[in-house]
Structure formats: structure tokens, C-alpha cells
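One structure below.
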């Protein structure tokens, strides 16, 4: 080990989220030492009484509300300063000087250079159809474009950031504090110094806390010290260094197990983590994969633009020896290739999606999470709370070898029944929220897990549990842990004035601690016979999908445990054996409404839904069946039908089943390859009785089978799996803070149906981004080809730079954005999830956009161009190789009829043809947006229900009309009015495009040609 | 050894981490799969065939659409005529010989009268221009439609459907090819022609009424002379020096064969063999060694003069050297 104190485990699952103190290097050490120096206030040395004085608080009753309010005003909220700093400026800079923008800046500067030199050299010479004023004008328009789209993009991105940062505000962590002597749940930011806080497993330490009392309290301090081993806390001071002393717990550290009570000694910036946070502001956030993909794509496009541009520059320069016109070609190619509006469009699409998801109760921490959710191929879902209501309610009570219904109150006076009720009322961690005490019991909020809440609620309604609990106070407690699977409390009984130990837990576990059984007559010894009978009853209950909790007790003899005896739950100085079994309570957690529909939808979408639960296999199976994750018979069903043990099911029958339940015990015996084999063999699997480690193991194995795994979970024990999963989904209502921290996404309503919506949304976003890019790239071809014709065939220029800009940042912008509003394709949930190798922009998309659809647009444009010329007497043959005469101001050009055209006249014809070309591109871009609406299903089925898109089409047309007919636009954009029928010249090409694409989709949809799908499905 | 390799084969080996250059090389040619630029030979053939068919179909569609549209167009007649067209109904004047195209912006006719080469250069330009006027009768290399040309006079009757009026350039003495257009005699001929406008019919000044005030006096008197006669139906032409010095230097001017374009040449309807009427302007004795700015104008009631847009007029410079 390189360093004795800061031992780091290489097998750490969580991993140090922040670099450890040591990792900051020697430069920071002095600073850190200084910080450490300041914290040597010695809180950890003080006794409870001293702490009360120092922090003017009371350990029993806490601060008064008024004083707490005062402190909050004085010291401010308990929150870290946001590390954003000047990131608004960063976004702004990014939007104005990104890759695209730099290309455009270069374009603008080239224009100004051209203007400067053109006016210097000579005004009247051949400048390739652009007078010097036009250079200046174009340069200004380009700059306006950059600034316009930049500011708009900045606005959108800032808005986006607000949506994302809203995440913290929406799901604020809460803390339990004692104020005015009552427990209260307050938002973490309202915790003040001196508050008495209660912490339990699953939460996060709300501030720097000096622990006063605790039981089995463990926190993960890896974020602070880099040490991944859990720290077991104790109320005593164990080290002079507060960071090492076991009685200090620090802000932001996840609590893994146990519970504790403590006094807050530092908040917000003054906490240890707050101080370190100040040192790591320089850390940049990493780009998400989708952002990376977009950046990569932009660089590629810019690169292509420049390569083409420079090639043309050199080519034209060597042919014409005129660097000004060569520069013009270069500009044209670059402007045509750079989709100026794309960045803005993408940002808008993202923002829209984030908003949509939020509406659907899915809160993604990053937009990329949504996208990943869309490609999910396997969901490992927790049962409780996700698939079920998480409203446990007691359904049966079991005692005296009989099962009673919850509404059967005729046995209340039976000794075993009443002792079961007593035990159930006492052995509870759950409490009612103080503020709700005046509400009816059904509506009161309860602090505690689902099954405890169910018991508390049931007992409160039927047996006035609160009173019982007040009368028989809890003296000691071993909270429930998944490691030993029981919970023990010791009470001072009012009736007998002696201590009473109650153990609660999974019945087959606690029965192993028992040697006797309570019955109505007397205590009986627990013979194997009785044990078997009891177990049969448990299974009977469990087969109904119910969770069974067993109770056993032990009256601690007064002689050995006199009043005032100090119970130590760490040392366990009391017996945990030779207990007497009382009975059991079974609860049911009904599946959520319509859950089976959601799961059927997932199956349809090619997504495996795997239930992973800590429950009994039989319970798990019952719920799986109800939810629809298991639809086929399993070995269990065979065993029940034939009244044999599961182990006795013959192997040849076992191997026929397509569904199975794998328990934690079985899993323990399996190797990675065994599990892989099982996961491939069985189409439906439910994992039962699994531990957190096993959940992780399951997730990892699925990932090694090339699945994109989503994991849902709510507990601390789920967090490793949540982290490991491709996308971790935490529950917003019931989830612990730790699980929320580990997750990538939070379901605000804890509903599995939201995951399905999220998947749909994720697939939709990906599809829509693809559509948007395909749409935007298409118009590059008709924008670039005119320059090729101009340079290679010497034709009068079919499209000016100005009109290219009008298309790119004018008419193209709205339809591209409107594609983000496109509904998911109807069958988006009936196709298998996308492969992780399927990129946003792939070769097929590029080829489709540039060489197929783009070329149709080019032909449509050329058609309009030729026709306008032909109407004025210039047939196509008279337009080839005329460039030098055409651009000369003194030369006369003859048309096909032999008429002589002067410069101004033929320039007007040229403008008219350019306008016609522009209008054609507008028209065919409309048909392009229509074919981009759907990638797979028929347009007839899809319909034109996206009204944003419809409106954008109308606006697009209006823009084309305005650009063509408004005198002001003739001035600015150099257009000429067209006769009305020339305005519709591109319509046949629109029809061709739409019909052609409909045929292509038909071929793909009906699997007629795999080749077509492979080459044209983007 | 054999066992060992067997075992090793069972495990999946991740693809080796290739360098950029290596990856590019494999992209260029992958010897394992026979892929060239990411595709196998058959794949390339398929995709190329696809694009071939696709583009062929597209070009076919394009051609078909153009063909359909051209059905609505008359190849001899523009769709937009006169005021509906961009070229308008106001013809411009053109002059020949034009300076060569190397110097596109120049309108200067400069030569040395005693330099044979210089004279021949300009004569050749005019020869080329008059080529289409010269070819008549039968024989190889004829301009099509030459047989339609018939001699016309102001008094001759209406033309046949196919007939067009001839321009008898051989009668333009001394501005004939044989005489090298009089360039050697330091009195160069410059040919003027009115630009063709489809279906345009001139409204000539055929009497002394409504003559514009800026019309040169000599032209006015000429019109007075022919007023009332059929010869008066002519688009008149006048050439003058632009500045007082030019007026002085220009010397006497002769218009051959007559002082304008007779209206029997109009309207132009793109009949086969149609020739634009010409006027040869003979500058008899321009002052040598100086540059003379000359502006020629065409006069008719429906020709409007605009020097900047060059409507109804033409500007050129003449400089004759004798050294």
C-alpha cells in the first residue's frame, strides 16, 4: 500500500466521485491543511452537554422553531455554492465561436477582404457577377446570421440548462430534524447549525454532524477521503483528527445502514465537502456521448466544407486566374455546406424533448440519459414500488396455526392473536409524521418502509398502536439489515415492568432462532414436524403473492436484565436465540393498475423485463404472473401441480420450461457462464431472494450479453446496480437519496409506465434528431451544385450566395425545428431496440440526403431554371460556356432566337431564373420535410397531424412568396417576380420525391428487399 | 501445444486496438473480407448499379418534364414578347467591328491606316460578321434559309409566308469586303444594326410632324426631303461626335446604303434566313491621331433614348493613325 491511511480498494464499485484529498497533489496540501486547521474546533471532543451549550440547543427537544429561523437568516441556507460560475459566458462563447460559427466568421471576413480589394483594384472589372457593394452586403448578412443564430442558440441552451438544473430543485433531499421536541421533515437546505438530526440508512448526511447516539450506523466517506470502505460510526471520540474520528459524519456522505442521531456542527460552505468543493471548481463537466457525436459530426461537415471550398478556390484560380471570383466560389461552397441553422435546431429539439419528458414524470439528469433509455434492451426492474403500488396492506394474520383474514376481528382476545398484535405494534421503526397526526389514519404520512407502514397503519386502526408504543417504550433496536434479515427491538413493558425482546423478519429466517411456538393453549417446543407445518403455511401465504413477516419473542428475565440495564446493540449483550415463535403477518402489495399493459408494450418493443426482487421466489412468481413478466409455465407450477418439491422436478421436464425463477441461493452457485447460459435459455426470468451484490452480478452479465440494461431501484442496496447499469432509474417518491444520486433518471411518480413512456420518448428523440439532420443536410446538394455548373459548364449561376443563406437560416429553420414535435412513429414500440453501434449520423443518412433526395431537389431547381430561361428565349444549349460574356458588362449575349441581350436585361433574366431555382428548392424542401416525417411507416398512416410542422410549411411558402414578390426583397435578396405558374414548377418533383420515398418505405416495411433497407434506412 | 491453441480459440478476443493509420489502411482494403473502401466487390457493383438506375430514372423524368414543357413553347417564338418580356420593346443599337474579346470592356476601334496588318485585322472581323449576309444561292456550307431571301424595296408588295428581305451588302460601296471597308483610305466604315426584338414593329418618323427637338438638323432636313414618300418609313440613324471637339474631328459622315433601317424588314418573327438590316456608316475623313467619341442613335416614335441603359443608341470610340 502506498499510503497507510488512505487505502483505496481497487474493487470499489462506487469509486471516488471526487478525487481524494491526497489526489489534489502537493500544491493544495498546504491549503487543505489550512482548512483542516480551521476545523479543529474540537466538536468531536465535546460531551453532549458541552455541545448543547456551544450550539445553544437541546439534545432531546432540539432547537426552537424561532431560533432556527433566526439562524437560517444569519447563516444562510445549507447548500453548496453552485459551481457554475461563468458558464453562461461559456455557452455564449460556444454559440458564437463554435466550429460552425468559425467557418462562417471566416466567410464573413473573406467577404470583407473581397470588398476591400475589389474597391481598391477596380470597380468595373469582371468580379464574377458580384459588385463590390454586394461583398460588403453579404458579409454583413453572414455576421447577422452568426449573431442571430448564436444568440438564439444561447437563449435555448440557457433555457435547457434551467430545465436540467431544475432537477435538484424538484427533488430536494429532505432531513429529519427535531425542533420544539417533535420530529419534522424539512428540506435539507433549511438545516441550521445546532439542529438535532435523525439519520437512517438510505439517506445522505444532511450537514456535518457530530453523532450523539447511533446503532449500526455506517456511512460511505469515499467522496471525502477516497477510502471506499464503509465507516462504522460510534458516539465516542476515537481520533484527534475530526476526519478520522468515528463520531463525526460529513455532509453529502451516503448512509448505507443503520440509524443515528446527532447535532449539526457545520452547514453549507463551512462543511468539509463545501471547502473541498471550492478547490475543484476547475473541473470541467464531460460531454455526453450524444453531444460528442454531434460535435464530431459538425467537425466533419466543416472539414468537408473547407476541403471542397479550397479545392474549388484552387481550381477556379488556375482556370480563370482571377482570385476574387475564385474566392467567391470558395465562399459559395462553404456557405452551401455549412448548415447554419442546424445547431440552433438541435438545441431546440433537445430542449423540447427534455420538457416533454418532464411532463411525463421522467426527470433525466442528462439528455443523453433519455437517448440511452431509448436504446434499452433489457429492464431489470425492482418489484416493489415500481411494478407494484408500494402500498403494502396487511391481508392476513397467522397465529396458532391458523390463517385469519385482516377483517376477521373475532379472535382479538385469543392470547396468541393478541401477543402477535402487541409484537407487531411494538417492533416498528415507522412513525407517523408529526404534522399529520390530526388526519384520519388512512391519510397520515408515515416515515418508514412499505411493510412497516402497512403494519403500523393496520395496527393503528385496529389496535391503537401509538398508545401501545408510548406505554411500552423502545429501549434498544437492531435495525433491519439485508445481511441478517431481521430486526430486533427491546421494550420496557409497562404491564410486567420487565424487558421484552421482539424479533421480526422473514419467517423462514427467524424460525431458525426459535425453539418454541406460542399457541392459544401454551408454548410448544418447535419440533421439525411443527416447523414443517409452519413453513407450509408460510408458503401458502406466499403463494398468494403476499409478503410474510414472522414474529418471535423472548421475555428477558428481570434477574439477568434489571431495569436500567444498558443494552448494547453493537456488542449484542442480550440473547438472540431460544426465541418463541408468535405468528406472522402477511401483506400484499398489489400490482399497479395497467402494469401488464406497460410490460406487454415493452415486450412488443423487444425489451426484456426481468424482475429482480428480494422477495420469496413464490411471491415473486405470483407477482410476475400478475404483471406479465412471466407468462409461461415454470418448474414451480409443475411442482405445485404434482405436489412435489421443486428439487424433485425431473430434469427432462425442467429443461422444457421457457420461464424460470432463479433464487439468490441458486445464483450463488452459478458461475458467470452458467448465468449467461440461463439468461440466453430462458426468455422469462424472475430473480428472487437476491442480494445487492447479486443484482449487480445479474446486471453485469446482461451487459456482457450486449444488452443495454436499465435498472430500477429505490434502496441503498440498489445503488451499485443503478450505477453499473447503462441507465439507472430511481424512484422519486420512495427512492432513497443515495439511489437518486446514483441514478441517471428519476421517475417522479414511481410508476413503471413512466419508464415505457421514457423509452418511447428516447426512441422518438433519436428518430427526430435523425430526421432533422437528414432534412437539413439535404438542401446542401442543390446549394452546392450550382457552383459546380457555374465553374465547370460556364452556365449563369443558378443560385446566389444570398439565397443560399436565405434557405439555410430562413426557410429551412422552422421545418427542421418542427420535426422535433413529430409524434413517435406508430410502430416505434414494435421494433427491436437500436444497436449501440447505430449512430446518429451514419453513411446511409449522408448518402440519402446528399445523393438521392438532394439530387432530386437539384433537378427540380434546374428544371425551373431552364424553363424560366427558355421562356425568355434562352434554351439550355445557349446557356453553356457563356460565363465570360455573360458576366461582361459591355458584351451582348444572343439567345436561341438570335436576339441580343444587354447586361442589365440578361441579369434580370438570371435573377428570375435564380428566384425560380430558389422557389423550387423551397418546394422540394417542403416535400423533404414531409418524407422526413416518417422513417418507416407509410405517410398515409402517419398523416399530417403535426400541426407545428404544418404551420411551418405554410410559413415556408409565405416566405417563398414574400421573397419572390415583395419589392423590398427584390432589393435585398436580388430576386425577380415570377409569373404565377412558374412558381409551381417544382411540383412534379415534389410528387416524385414523395411517391419514391413511399415506395422505399413500403419495401422496407414489408421486408421485400433487405438490400433496400440496408442501403436506404437511416 | 495443440490443446493450448484449441482452448485459446474458445475465448472471444476483443478486436485489437488499431492505430488511426492502420484503421484507414484496413478501410482502404480489408484483405480478410475482401472489402475495398468498406464494401465488397459485389456490394460496390450493386450500389453503383442502383445509383446508375436511380440517376438514369431521374434524368429521364427531368428530360420528360422538360419535353412536356417545351411542347407549350414555340422554338421560333419567345413566350414573353415586347412589353411582357424582360428584353422589352425598345431596341438597342449594335456596332461592328467590335474590339476583340480579350479586352472585353473596350469599345475602341483603333488602327493604323498605312499598316496593312492593322487594316486587315479589322476587315477580318467585319468579314466574319457579314458571313451570314454573304451566303446566298445554293452550294455547300450555306446558311439555312438563305433561299428564302428576296430583294425588297419600299414599294415592293407583301412577302410570302417564308420569305424574308435580303440585305444586299455587296452594294454598300465603298464599304465592301473588296475595298476592305475603306479602312486603308483612312475613312473607315462602321456597321450599325438594330437589335432584334421579336414581333417589334417600328413607328417611324415618316413626316415632318412631331420630330423631336434633339434630332440633328441634317436628319430633320433629310426627313423633310423624303416626307410622304414610301422611303420615309424608316428607322432613322444619326452618328455624331459626343463632345464639341469630337464633332469637329469627326468630319463628314455618309450613311450607306440609306440613312436608316427600312421598316419592310420588320417585324422580326424568327423566320428562317432572316437578316437584321444594316447601315454602314462611312467616316470619310476623321481627324487622324486623335480619339473621337462617337454616339449613334436610332430614331423612331417607339424608340426611347437612354444613354446610360444604352437604349436606342450606341457609343464607340474611333482612332485612326497615319504614321
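Coordinate-derived values only; no laboratory data. Just so we're clear, the structure is a prediction, and the values are computed from it rather than from any experiment. Please note: Cβ atoms are built from the backbone with ideal geometry, for glycine as well, and neighbour counts cover all protein chains shown.
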Arrange the following residues from fewest to most other Cβ atoms within 10 Å of their Cβ: A:993, A:315. A:315, A:993
Please give, to one decimal in nm, the separation of the simple spin-label points placed at residue B:287 and residue B:57, each 7 Å out from Cα toward the Cβ. 7.5 nm
For a footprinting-style exposure proxy, rank A:463, B:259 by other Cβ within 10 Å, fewest first. A:463, B:259
Partner shielding of A:892-901, taken as the mean number of other chain Cβ atoms within 10 Å, equals 6
Computed [θ] at 222 nm, helices only, for the protein assembly as shown once each DSSP H run of length n ≥ 4 contributes -39500 (n - 2.57): -13500 deg cm²/dmol
Stretched out fully, how many nm does the piece from residue A:159 to residue A:748 gain, at 0.36 nm a residue minus the Cα gap? 209.9 nm
Can you tell me the orientation of helix A:132-170 relative to chain A, as the angle in degrees between its alpha-carbon axis and the longest Cα principal axis, to the nearest 10? 10 degrees
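Using Cβ counts within 10 Å as a stand-in for footprinting exposure, how do B:237, A:412 rank, fewest first?
Numbers: B:237 21, A:412 11.
Ordered by Cβ neighbours within 10 Å, fewest first: A:412, B:237.
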Between region B:231-271 and region A:182-200, what is the C-alpha centre distance in whole Å? 106 Å
Where a label projected 7 Å from the Cα of residue B:201 along Cα→Cβ would reach, residues of region B:237-276 with amide N under 17 Å: B:262-271
Please give the average number of partner chain Cβ atoms lying within 10 Å of the Cβ of each residue in A:904-910, rounded to a whole number. 3
Residues in region B:283-317 reached by a label modelled at residue B:107 [backbone nitrogen below 11 Å; 7 Å Cα→Cβ]: B:293-297, B:307-317
Helix axis angle, A:415-426 relative to chain A longest principal axis, alpha carbon, degrees: 50 degrees
Defining a contact as two alpha carbons under 8 Å apart and six or more residues distant in sequence, what relative contact order in percent does chain A show? 11 percent
Suppose a student asked you for the relative contact order of region A:393-588, using Cα pairs under 8 Å spaced at least 6 residues apart; what percent would you report? 26 percent
What distance in nm separates the two pseudo spin-label positions at residue A:850 and residue B:215, each 7 Å out from Cα along the beta-carbon direction? 6.5 nm
In nanometres, the difference between 0.36 nm per residue of separation and the alpha-carbon distance of residue A:311 and residue A:680 is 127.4 nm
Under 17 Å by backbone N from the virtual spin label 7 Å along Cα-to-Cβ at residue A:1006, the residues of region A:937-959 are A:937-942
Set the Förster distance to 30 Å, then compute FRET efficiency between residue A:234 and residue A:485 from the Cβ-Cβ distance, nearest 0.05. 0.80
Between residue A:947 and residue B:45, what is the label-to-label distance in nm when each label sits 7 Å out along the Cα-to-Cβ direction? 5.5 nm
What relative contact order, as a whole-number percentage, does chain B give when Cα pairs under 8 Å and 6 or more residues apart are counted? 21 percent
Ranked output for segments A:392-403, B:183-194 by mean other Cβ atoms within 10 Å, highest leading, reads B:183-194, A:392-403
